[in-house]
Structure formats: structure tokens, C-alpha cells
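The numbers here are math on the coordinates, done by the rules we state, and not lab data. Everything quoted here is computed from the prediction, not taken from an experiment. Glycine gets a Cβ as well: all are built from the backbone with ideal geometry, and neighbour counts include every protein chain shown.
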Amino acid sequence: MPVVYSTIDCCEMHATVQEQMGTGSFTASVQLKVAWADRIALMQDLIGSVWPYASAWGKPPVCNSAGVVPFPAEGVENGQAITYEHAIVTAQYSTDEDQDLITESLEPVVEFITLDPKRFRWGASSGDPLLEGEAPGRQMRSLNLVRTMKRLASVPVAVRDLAGCVNDTAYNSTRLGINFAAETLLYAGPQMSNTITTSGDQGWDLTVKYAYQPQGWNQYFRTKTGDFEEIVEVYDGTPYKSYPPEDFSTLLF
């Protein structure tokens, strides 16, 4: 079966194919000769395409970058510029493309909850009571889950609608090796950017931050017990949730 790199007319340059295996990865590259006028179209068509040579690797390498230089000895002076007839496009392929498109990281967060001053005395249990402004704080350690997704074709509606909501089901991050229980991730809003080239949009880069609370965002600190507990409605006993649980499947996948 013939090797096909692109729908754009091009040809592989002699002795430029390279393949390399590493621990858990496979990379490849090739140089392609193409008409100068078609160089941008070729690079755009290559990005996201699969390495056309047969490979014993389980996951097919994907083109994640492409660069161009003029074909040597063909340039013709044209005023202050040079007119080129052909270009050499170097395409880079890798099995790590999916890892480049989605990344996750953790940010440490430390907060304090002010405790009830009636629980404490100065120096001894028989000492002077604490004044209202003298109450100590309880240290609360948590995390922010930061998730970046690159080259999305469109922005999920959930990005706009779910601010202030929590995950209704558990999320298992295979990248971090951490399981986040239901209602422990509070969606704190996105940062978005759009990459545009001469041919149009290339997709959205989206960074979303989730504030993590191990006890859950709909558990409330109770002074009497010194722990987090659920609050229920008096009239029907249903749990009160300050942060509505919602489906995060279009953001966490």
C-alpha cells in the first residue's frame, strides 16, 4: 500500500525518514518537498494526521508540529525579496500528542476557619475566656486542580454555565493518579485563548481551575463537633447544597 502523507501534492525527500523508540513513546519525522504556494496548506493538513508508515507501536504517532524552509538553489531575486518555487516541510510525529493536548496540575492552598472563642481559655481551663477577636483559626489544607485542554474545535457550553457548581460524580484523574469524590471539585471559571492563522481558526486553548475540598463543598463546619457535617431543610429533610452538583463530563474527560 503506497505511503500517503497528505491530500496536498508533495513528495518525501530521500533519506529523511527518521523513527525512534523510547521508554513508553515513539517519535518519527520526515522532510517533504512541496510547491512554495502550498507550504502552509500542507502544514495545516499534516497537523493531527497519523504517521503513514506501518509501525508495531500500539498507539499511532500523530503529527504535532511542522516547519518550513525554502528548497535550496531555486530562489530568484524579486526586488527586496526572493521568489521560491518549492519548500521543504519537516513534519514531526509522536505518540505523546494526547498528553500534549490535555495536561493537569495541582496547586496547594491553605485557608483558615475561625473557631468559636467559647471553646478556649487563656493558659488553663480555668483561665480567662477569650474575647471575640481572639479566637484562633483552624488550618484547612486543600488543592486547586488546574486542567489545560488545547486545540479544542469548540468551547463546551459547560464552560459558561457551570461556574459555582461542583462535580455530581467522582472524577478519576489517570494523569495524576488521584480520585476526586463527588462534590469535592468546585468549578472556578476558565481562561480561554484562540489561535488564528491566515487560513482561519485553529481551535481553542482552555485552562479550567477547580478548587478541591476533601470533605466536599456541601459539608459545613459545625462548631459543636469541630467537624464538617451536612445541613438539611426543616420541612422535608433534604440536604441543603450551596454549590449545585452538575455534570462535568464535557470538561473532565
**Prompt:** Taking the DSSP beta bridges in the range 101-246 as the whole, what percent of them are antiparallel, to the nearest 5?
**Reply:** 95
**Prompt:** Can you pull the percent of Cα pairs in the chain with separation above 35 Å?
**Reply:** 44
**Prompt:** Can you sort 16, 184, 23 so the residue with the fewest Cβ neighbours within 10 Å comes first?
**Reply:** 23, 16, 184
**Request:** Counting other beta carbons within 10 Å of each Cβ, put 84, 53, 235 in order, fewest first.
**Result:** 235, 53, 84
**Request:** Output ³J(HN,Hα) for the range 36-46: one whole-Hz value per residue in order, computed from phi by the Karplus curve 6.51 cos²θ - 1.76 cosθ + 1.60 with θ = phi - 60°, and x for Gly and Pro.
**Result:** 3, 5, 9, 5, 5, 4, 5, 4, 5, 6, 6
**Message:** Expected output is a single nm value to one decimal: the length gained when fully extending between residue 241 and residue 154, i.e. 0.36 nm times separation in residues minus the C-alpha distance. What is it?
**Reply:** 28.2 nm
**Request:** Output the antiparallel fraction of DSSP beta bridges having both residues in the chain, as a percent to the nearest 5.
**Result:** 95
**Message:** For a protection proxy built on the mean count of beta-carbon atoms within 10 angstrom, sort 119-126, 6-13 highest first, please.
**Reply:** 6-13, 119-126
